[in-house]
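Take a look at the structure below.
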Amino acid sequence: MNHQGSCLCGGVRYEINGELTDVLNCHCSMCRKLHAAAFRTRAKVRSQDWKTLCGEHLLSFYESSPGEWKSFCSVCGSSLFTRFDAAPHVLGFPLGTLDSDPRVSASRHVFVASKAPWFTITDDLEQHDTY
């Protein structure tokens, strides 16, 4: 599958030539803060399937936990992917910057024990207090 996406300002454009797997809604406080939202919908992608088409020089990285690197556009702040030192073959990928239909949806909610108190989950997906 081919997926296209970009950051808010359009300075970074990317494509993913591969499957989006393990799609979930994460309610942990770090995802809520990073995305300024009640939760983050993310998938896993193989690192080799990600290609930055333009704007690689605009990518900045923040080590949110030891060995876990959040990438974002240094101009507009859009979150683009998470890189893991312990698993360099996979990226965590928030679906929000896709310009194309991912043709997948979340299978579950994780870290529900730390979800935003002002948000109510109203779907029938499985809910887990941790990962």
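We did not get these values from a lab; they are worked out from the coordinates using the rules stated. Model, not experiment: these values are computed from the prediction. Positions of Cβ are backbone-derived with ideal geometry, glycine not excepted, and every protein chain shown enters the neighbour counts.
Structure notes:
Let's see how each residue does on (1) closer than 24 Å to Cys7 by Cβ; (2) touching a helix residue (DSSP H, G or I) at 6+ places or on another chain (Cβ under 8 Å); (3) of a type in the set (A, V, I, L, M):
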| residue | (1), (2), (3) |
| --- | --- |
| Ser74 | yes, yes, no |
| Ser79 | yes, yes, no |
| Gly92 | yes, no, no |
| Leu95 | yes, no, yes |
| Leu98 | yes, no, yes |
| Asp101 | yes, no, no |
| Ala116 | no, yes, yes |
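- For the stretch 96-111, a residue qualifies if it is closer than 16 Å to Cys9 by Cα and either acidic (Asp, Glu) or not in a strand (DSSP E or B) (or both), and the qualifying residues are Gly96, Thr97, Asp99.
- Scanning the stretch 17-37 for residues that are among the basic types (Lys, Arg) and within 12 Å of the chain's Cα centre (by Cα) yields one hit, Arg32.
- Entry remark, the stretch 32-75: residues being out of contact with any strand residue (DSSP E or B) (no Cβ under 8 Å at 6 or more places or on another chain) and closer than 20 Å to Val112 by Cα number 5 in total.
- Only a single item in (1) surrounded by 15 or more Cβ atoms within 10 Å (Cβ to Cβ); (2) closer than 26 Å to Glu126 by Cα is not met by Ser107, and it is number (1).
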